[in-house]
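Below: one structure, written as structure tokens.
The values are calculated or read from the model by the stated rules, or taken from the named source; none is laboratory data. Here the structure is a predicted model, which is why all the values come from computation and not from measurement. Heads up, the Cβs are rebuilt from the backbone with ideal geometry, glycines too, and the neighbour counts pull from every protein chain shown. We work out accessible area using only protein heavy atoms, side chains counted, and drop any ligands, DNA or RNA first. Shrake-Rupley method; radii C 1.70, N 1.55, O 1.52, S 1.80 Å.
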Amino acid sequence: MSVTRALFDDVMVPNYNPANFIPVKGEGSRVWDQEGREYVDFAGGIAVNCLGHCHPAMVNALTEQGQKLWHLSNVLTNEPAIRLAKKLTDATFAERVYFANSGAEANEAALKLARRWALEVHGEEKQQIIAFQKGFHGRTFFTVTVGGQAAYSDGFGPKPGAVEHVEYNDLASLEAIMSDKTCAVMMEPMQGEGGVIPGDESFLKGVRELCTKHNALLIFDEVQTGFGRTGSLYAYEQCGVTPDILTSAKALGGGFPIGAMLTTAEIAAHLKPGTHGSTYGGNPLACAVSEAVMDVVNTPEVLDGVKRREQMFREAVQAINEKYDVFTEVRGQGLLLGAALNDKFKGKAREFLLAAAEHGLMVLIAGADVVRFTPSLVIPETDIAEGMQRFEKAVAQVVSSHG
Ligand SMILES: Cc1ncc(COP(=O)(O)O)c(C=O)c1O
């Protein structure tokens with residue numbers, strides 16, 4: 001069978017529009033396509049491949065567990081899931097963990113738990129869920145409704161109710177609609193898909209205070225910011241705000257699908273047997289891989305390395321910008337960075353992504369105005385340098401095409 005990009009269009013639902021090349025192999029931060037062309041990977045599978053491709057610790061964990069036990073369902077528990085939950089609770093504010101298979105599922109669990117907690121502790125009136133414009137929480141109908149981009153949730157019929165949105169980093173608007181009827185506030189401590197927008201420290205602290213004042217749960221969606229991405233295991237550690245519920249996915253499995261919802265024992269107690277579940281959640285293969293990822297990521301060596309690499313990225317993009325004048329700023333934290341396009345290039349982020357691919361570099365965008373970088377947390381410094389040389393060629397190409 002000839003496996004081509006054209007065949008994709010013949011056999012796949014058209015909800016994605018992938019690049020023209022098809023990668024077949026990856027090692028560290030390099031990827032090769034069907035033609036043997038090599039790419040430097042600054043995308044990391046959208047903040048997933050936190051240890052690059054085929055990291056030996058992950059390959060070992062997967063093959064070892066793959067020869068022992070693949071799947072049981074939650075009628076039975078398994079050792080890797082219990083071990084991983086223990087490590088996650090030891091390393092965070094949380095005392096209980098629920099495992100899912102994706103970010104959306106972890107968020108779905110968080111929202112259902114918040115609603116159930118509010119109903120049981122405070123009664124039927126406490127239903128309101130507040131989230132933020134441009135937020136992104138996944139594509140299930142509840143999570144996409146809570147996400148702050150109507151374009152993603154419109155057109156599917158009636159939405160789950162009692163969900164409202166206010167502007168991110170605007171505490172006064174939140175305060176204006178919050179009351180004792182607020183069940184939960186869901187937010188990313190730094191918005192990823194919405195354009196790499198960090199939450200101001202005073203804003204995050206203010207949200208925490210309002211939640212405490214109104215007995216509402218604060219849910220941090222750390223699906224993109226979590227598991228080392230910002231230079232600490234979770235971003236909340238650096239902003240001095242502790243949520244009531246935290247969700248994690250993406251880098252949690254380093255490329256193996258897994259999600260998790262973390263919370264306190266008191267809140268967790270409201271998801272009693274039978275209230276929620278997933279056939280694959282806490283699958284032994286996924287948990288064994290995630291445990292191996294955590295053993296590598298949650299070390300000073302890797303977390304400090306994230307900060308060092310952040311500097312290298314910032315300096316390289318700034319140097320390119322001094323020559324070509326395309327960005328207004330590089331924002332973000334750790335290795336979740338966004339280069340915001342200036343007025344001349346606004347709306348053209350995709351052109352930079354396509355040009356980068358032509359020059360052997362994978363980057364991401366975050367909306368139409370931001371080029372986003374979410375590489376492996378352990379990307380070798382030589383790969384950063386090589387990738388930035390290629391990025392410079394891509395930037396030069398886009399600039400010259402606009403005369
Ligand atoms: C902050 C955030 N939450 C949730 C999700 C959804 O995760 P998944 O695609 O694994 O369902 C994403 C994915 O981009 C995300 O960035």
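Indicate, rounded to the nearest 5 percent, the antiparallel portion of the DSSP beta bridges found entirely in the chain.
65
What whole number of Å gives the distance from the Cα centroid of the stretch 225-294 to the Cα centroid of the stretch 159-192?
The stretch 159-192 and the stretch 225-294 have Cα centres separated by 22 Å.
Might you work out the accessible area of residue 323 for me, using a 1.4 Å probe with all protein chains in place, and round it to the nearest 10 Å²?
Per-residue accessible area (residue 323): approximately 130 Å².
Give the calculated FRET efficiency between residue 346 and residue 76 to the nearest 0.05, with a Förster radius of 56 Å applied to their Cβ-Cβ distance.
For R0 = 56 Å, the calculated efficiency reads 0.55.
Just report the Cα centroid separation between the stretch 127-149 and the stretch 329-403, whole Å.
The two parts, judged by their Cα centres, are 28 Å apart.
Rounded to whole Hz and in sequence order, give me ³J(HN,Hα) for the stretch 134-139 from the Karplus expression 6.51 cos²θ - 1.76 cosθ + 1.60, θ = phi - 60°, writing x for Gly and Pro.
After applying 6.51 cos²θ - 1.76 cosθ + 1.60, I find 6, x, 9, 10, x, 10 Hz.
What does the net charge come to around residue 102 if you take all other residues with beta carbon closer than 10 Å to its beta carbon, with K and R at +1 and D and E at -1?
0
So if R0 is 35 Å, what FRET efficiency would residue 312 and residue 16 give, r being the distance between their Cβ atoms, rounded to the nearest 0.05?
The pair residue 312/residue 16 has a calculated efficiency of 0.65.
Once you charge only the Cβ atoms, +1 for Lys and Arg and -1 for Asp and Glu, what is the size of the charge dipole of the stretch 1-99 about its Cα centre, to the nearest 20 debye?
340
First check a/c for the stretch 82-199, with a ≥ b ≥ c the square roots of the eigenvalues of its C-alpha gyration tensor; if it is under 1.5, answer rounded, and if not, answer prolate when a/b is larger than b/c or oblate otherwise.
rounded
Cα atoms only, the chain: Rg and Dmax in Å?
21.2, 64
Output the pairs from 213/250; 134/272; 87/272 with a Cα-Cα distance over 25 Å in this structure; if there are none, say none.
213/250; 134/272
Assign unit charges at the C-beta atoms only (+1 for Lys and Arg, -1 for Asp and Glu), then state the dipole size of the chain relative to its Cα centre in Debye, rounded to the nearest 20.
In debye, rounded to 20, the chain gives about 420.
Distance between the C-alpha centers of the stretch 1-44 and the stretch 97-124? Whole Å please.
Cα centres, the stretch 1-44 to the stretch 97-124: 36 Å.
Rounded, prolate or oblate: which fits the stretch 289-403, taking a ≥ b ≥ c as square roots of the Cα gyration tensor eigenvalues, rounded meaning a/c under 1.5, else prolate when a/b beats b/c?
prolate
Could you tell me whether the stretch 1-78 comes out rounded, prolate or oblate from its Cα gyration tensor? Rule is a ≥ b ≥ c as square roots of the eigenvalues, rounded for a/c under 1.5, then prolate if a/b exceeds b/c, otherwise oblate.
Cα axes put the stretch 1-78 in the oblate bin.
222 nm [θ] for the chain, helices only, -39500 (n - 2.57) per DSSP H run of 4+, per residue, to 500?
-12000 deg cm²/dmol
So for each of 386-395, 113-122, 99-108 I average, over its residues, the number of other beta carbons within 10 Å; can you give me the resulting order with the highest mean first?
99-108, 386-395, 113-122
I'd like the accessible area for residue 331: 1.4 Å probe, protein heavy atoms, all chains in place, Å² to the nearest 10.
50
About its Cα centre, what dipole magnitude does the stretch 250-358 give when the only charges are +1 on Lys and Arg Cβ and -1 on Asp and Glu Cβ, stated in debye to the nearest 20?
Dipole about the Cα centre, nearest 20: 300 debye.
Counting Lys +1, Arg +1, Asp -1, Glu -1, what net charge surrounds residue 266 among other residues with beta carbon under 12 Å of its beta carbon?
Surrounding charge for residue 266 is -2.
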